[in-house]
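The values are calculated or read from the model by the stated rules, or taken from the named source; none is laboratory data. For clarity, every value in this text was computed on a predicted model and none was experimentally measured. Quick reminder, even Gly has a Cβ in these numbers, built from the backbone with ideal geometry, and neighbours come from all protein chains shown.
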Amino acid sequence: MQDLQRIHPFELVQYEENLWGVYFPAHDRFEIFDDLEMEITGYTWIDIIEFYLEHQLTELQGAFRYEPNEESCELQGSFENIKGFILNFRPLYFNDHDLSLLIEEMREEWY
């Protein structure tokens, strides 16, 4: 249960015994995307997550599937993989400076 408290405020949904989902509302952290003059959708979050995995958490590359749309992105995988991702990504997600830097690096490298 303590692990779930550390994942807050992300909402976890259990679909099957070993299939969980976590949602990233597209417009969360809007101010960062506005400052970077970048459109934000659920598809943008896929790019950010994949870039983060490629550069910071390589052991989880390929561990997730995504359900994006214009309003959100759902990351789906095992509870342990989602927990590992969130516990690593959460500090960056709430740090405006670091999240902006990650997005800028992603734009330079991928776009």
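Structure notes:
- A single entry from Glu104, Glu37 fulfils the requirement of being among the acidic types (Asp, Glu) and outside any helix (DSSP H, G or I): Glu37.
- Residues satisfying the stated conditions in segment 62-81, i.e. assigned to a helix (DSSP H, G or I) and touching a helix residue (DSSP H, G or I) at 6+ places or on another chain (Cβ under 8 Å): Asn81
- One residue stands out in segment 48-61 among those that are in contact with a helix residue (DSSP H, G or I) (Cβ under 7 Å, 6 or more places away or on another chain), aliphatic (A, V, I, L, M) and under 22 Å from Tyr111 (Cα atoms): the one that is surrounded by the fewest Cβ atoms within 10 Å (Cβ to Cβ), namely Leu57.
- Positions within segment 62-92 being exposed (fewer than 12 other Cβ atoms within 10 Å of the Cβ), closer than 18 Å to Asn18 by Cα and not small (Gly, Ala, Ser), in sequence order: Arg65
- Flag for Leu92 being modelled with pLDDT of 90 or more and either of a type in the set (A, V, I, L, M, F, W, C) or under 11 Å from the mean Cα position of the chain (by Cα) (or both): yes
- Residues in segment 1-44 that are more than 16 Å from Arg107 (Cα to Cα), modelled with pLDDT of 80 or more and of a type in the set (A, V, I, L, M): Leu12, Val13, Leu19, Val22.
- Single residue of Asn88, Asn95, Asn81 found to be touching a residue at least 24 places away in the same chain (Cβ under 8 Å) and polar (S, T, N, Q): Asn88
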